[in-house]
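Below: the structure, in structure tokens.
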Protein chains: 2
Amino acid sequence: MKTIKAFAPATVANVSCGFDILGFALEGMGDWVTVTERESPGLEVISIQGDGGKLPYDSDKNTCTVAIQAMIDELGINPGIEIQLEKGLPLGSGMGSSAASAVAALVAANELLGNPFQKNELLPFAIAAEKVACGAGHADNVGPSLLGGFVLIRDYHLLDVIKLPVPEELHCVLLHPHYQLNTADSRSVLRDQIPLRHATIQSGNVAGLVTGLFQGDFDLISRSLRDVIAEPYRAVLIPGFYEVREAIKAAGALGMGISGSGPTLFVLCKGSAPIPGIITAAQEVFESIGLGVDAYHSAINTRGAHIL
Amino acid sequence: MKTIKAFAPATVANVSCGFDILGFALEGMGDWVTVTERESPGLEVISIQGDGGKLPYDSDKNTCTVAIQAMIDELGINPGIEIQLEKGLPLGSGMGSSAASAVAALVAANELLGNPFQKNELLPFAIAAEKVACGAGHADNVGPSLLGGFVLIRDYHLLDVIKLPVPEELHCVLLHPHYQLNTADSRSVLRDQIPLRHATIQSGNVAGLVTGLFQGDFDLISRSLRDVIAEPYRAVLIPGFYEVREAIKAAGALGMGISGSGPTLFVLCKGSAPIPGIITAAQEVFESIGLGVDAYHSAINTRGAHIL
């Protein structure tokens, strides 16, 4: 029977001032999904590795099967497909774990079915899976996981998703403190109403960040990495947030933000030289408040999900 | 005695989703300022043309002298300068009239004094004049009038002003309805607090507009020309606003917004071919509600203020 394996990268959503509209993909971290044809119709998850037994096999709840089901519903077919999921990402860490699984499943199944869809046409099916996994159909993880690079979600409703350029020397450090953050808490602290002047500040910064990406202007990227809408409310849920930010900037980082709804933090920097210093500086702060932290270094993945 | 004459272009501020952070300069419309050395120290406005007698000669109130005074205060000098102002712009129309006068005065006086400042260093002095003229030190008219092109004001406080690229075929039509709009009214209708989701929509659109300018993607520019923060409240003060927008889009325009705080409207389009149809369509709507309208066609001025 035909077997296809695909990889989809981890992602950072809510990129600081790009709250809810900007995400990017990470190199060397992500999930793998293998799909295999079988004769009897229907989708079945037959193995999940690396999740510590936490993810559901139920095809109404697993993001892989929900995503593939949305795709085959659109095609009006009912093939038999067995799914094997290998998690390379910690669950609920704010690194786009559910998005990577859904995207890898879609890219693999699309290939298995003879590529009835272009890559970017898979996005609505991945969003359908995000609705089941997260309760909200956000595209700022699935967009960059699918397409790679920095991705702007100009309009969720119309799925106007635009790939932005990535300066070659842009690198990322992910800091995953050993600390549980309830996503519901992280959502509930946001304000429904915000001051008009904060919206203007946010607009200026997101325009600056996009300009910095196009111009390869690292100083401008650094000046623009400032979120006045979500971060001030979410940062208080992450012990050491402001101290870590100060420390990593002193170590040469361009800036820092909360990845997704946290608790993972992303740090951007120019080139790989400052990375060891950034990691050491962050570890020292977290240790000083009794928290362990996993640190990952990654370039920006510009390729997105792909067949292996 | 040495005499220098400078031109500064009209400008559109509050470019739709770029409310408070984006402006652009117009070709072929603006103000002229001539400065002449004299022996006795002090600044004096000796003539103003084209203002219908409305602008003040008082050097504490005229934007030309306020701007030049801020510049010479910074230099710690007190030269004698006579100023002649020729207005090419209607006052209070939302085309950056006060900004153009201040910028032309600064560029001329800077040349007269041997160019002690780089062009972009003149910005704080122009903003000082805007404070006197408008009660608020906005940079989104003086920035593009000085520098030309599309200008992003990332941060007012830090004066982080960035010139954006302008696609060659981008054209503008200005529609100035014969209608008085009180700037105070136009400000007072704005909300102090806005929904978080409106801020997110605005961010997505401004990121889309900036991306469209960099990529020369006119469709993206068109999709992004949508202001959900200021326009819904201000449009109701401009008779025919939504009907005009529908008509100009049907005539091939990319989109439309309120220039500054109105009542002038700016229309963007690709190439000059759709311009006659756009103007006719807008005139028909305004005529149907009993309003005359002046229409101007302009390319985007990418040069900014300059010596003649």
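The values are calculated or read from the model by the stated rules, or taken from the named source; none is laboratory data. Computed from a predicted model, the values in this text were never measured in an experiment. Positions of Cβ are backbone-derived with ideal geometry, glycine not excepted, and every protein chain shown enters the neighbour counts.
Quick notes on this one:
- The sole residue among A:I48, A:I21 that is within 30 Å of A:T302 (Cβ to Cβ), in contact with an Asp or Glu (Cβ under 9 Å, 6 or more places away or on another chain), within 14 Å of another protein chain (Cβ to nearest Cβ) and not small (G, A, S) is A:I21.
- The stretch B:1-18, residues that are within 14 Å of chain A (Cβ to nearest Cβ) and outside any strand (DSSP E or B): B:S16, B:C17
- Residue within the stretch B:122-138 that is under 13 Å from the mean Cα position of the chain (by Cα) and within 13 Å of another protein chain (Cβ to nearest Cβ) present: yes
- Qualifying residue in the stretch A:252-260 (condition: of a type in the set (S, T, N, Q) and either surrounded by fewer than 22 Cβ atoms within 10 Å (Cβ to Cβ) or within 14 Å of chain B (Cβ to nearest Cβ) (or both)): no
- Index of the failed condition, B:D140 passing every other in (1) outside the structural domain of B:F286 (by TED's automatic domain parsing); (2) not in a loop (DSSP other than H, G, I, E, B): (2)
- Residues in the stretch A:99-153 that are free of Cβ contacts under 8 Å to residues at least 12 places away in the same chain and over 20 Å from A:S186 (Cβ atoms): A:G114, A:N115, A:Q118, A:E121.
- One residue stands out among those in the stretch A:169-185 that are in contact (Cβ under 8 Å) with a residue 40 or more places away in the chain and more than 16 Å from the chain's Cα centre (by Cα): the one that is nearest to B:H198 (Cα to Cα), which is A:D185.
- Residues that are over 20 Å from the mean Cα position of the chain (by Cα), within 23 Å of B:N182 (Cα to Cα) and within 11 Å of chain A (Cβ to nearest Cβ), drawn from the stretch B:216-249: B:V228, B:Y233
- Condition check for B:Y242: more than 21 Å from A:I153 (Cβ to Cβ) and at pLDDT below 95: no
Table: residues versus (1) of a type in the set (S, T, N, Q); (2) in the same structural domain as B:A99 (by TED's automatic domain parsing); (3) in contact with a Lys or Arg (Cβ under 9 Å, 6 or more places away or on another chain); (4) under 26 Å from A:F214 (Cα atoms).
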{"residue": "B:F214", "(1), (2), (3), (4)": "no, no, no, yes"}
{"residue": "B:P232", "(1), (2), (3), (4)": "no, no, no, no"}
{"residue": "B:L254", "(1), (2), (3), (4)": "no, no, yes, yes"}
{"residue": "B:G260", "(1), (2), (3), (4)": "no, no, no, no"}
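- Failed condition for B:I153, given (1) touching a helix residue (DSSP H, G or I) at 6+ places or on another chain (Cβ under 7 Å); (2) outside any loop (DSSP other than H, G, I, E, B); (3) closer than 26 Å to B:S272 by Cβ: (3)
- Filter result for B:K163 (within 28 Å of B:I77 (Cβ to Cβ) and touching a Leu at 6+ places or on another chain (Cβ under 7 Å)): no
- Of the residues making up the stretch A:207-234, those that are free of Cβ contacts under 8 Å to residues at least 24 places away in the same chain and among the hydrophobic types (A, V, I, L, M, F, W, C) are A:A207, A:L220.
- Note on the stretch A:261-307: residues that are crowded, with 18+ Cβ neighbours inside 10 Å, over 22 Å from the mean Cα position of the chain (by Cα) and not in a loop (DSSP other than H, G, I, E, B) total 4.
- Residue match in the stretch B:67-75 (condition: at negative phi and in contact with a Gly (Cβ under 9 Å, 6 or more places away or on another chain)): no
- Leading residue by the ranking (farthest from the other protein chains (Cβ to nearest Cβ)) among those in the stretch A:198-215 that are crowded, with 20+ Cβ neighbours inside 10 Å and of a type outside the set (A, V, I, L, M): A:G212
- Residues in the stretch A:132-168 that are surrounded by fewer than 19 Cβ atoms within 10 Å (Cβ to Cβ) and at pLDDT 95 or above: 4 in all.
- Residues of the stretch B:134-143 classified as closer than 12 Å to B:N120 by Cβ and not β-branched (V, I, T), total: 2
- The set of residues in the stretch A:88-118 being at pLDDT below 95 and outside any helix (DSSP H, G or I) consists of A:G88, A:L89, A:P90, A:L91, A:G92, A:S93, A:G94, A:M95, A:G96.
- No other residue among A:L75, A:L91, A:L55, A:L26 is over 23 Å from the mean Cα position of the chain (by Cα) and either more than 14 Å from chain B (Cβ to nearest Cβ) or free of Cβ contacts under 8 Å to residues at least 60 places away in the same chain (or both) apart from A:L75.
- Across the stretch B:139-197, the qualifying residues are those that are charged (D, E, K, R) and more than 25 Å from B:R245 (Cα to Cα), and the one among them that is farthest from the other protein chains (Cβ to nearest Cβ) is B:K163.
- All conditions but one from (1) assigned to a helix (DSSP H, G or I); (2) modelled with pLDDT of 95 or more apply to B:G252; the one that does not is (1).
Yes or no, residue by residue, for (1) touching a Gly at 6+ places or on another chain (Cβ under 8 Å); (2) hydrophobic (A, V, I, L, M, F, W, C); (3) assigned to a loop (DSSP other than H, G, I, E, B):
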| residue | (1), (2), (3) |
| --- | --- |
| B:Q202 | no, no, no |
| B:L213 | no, yes, no |
| B:S222 | yes, no, no |
| B:D227 | yes, no, yes |
| B:R234 | yes, no, no |
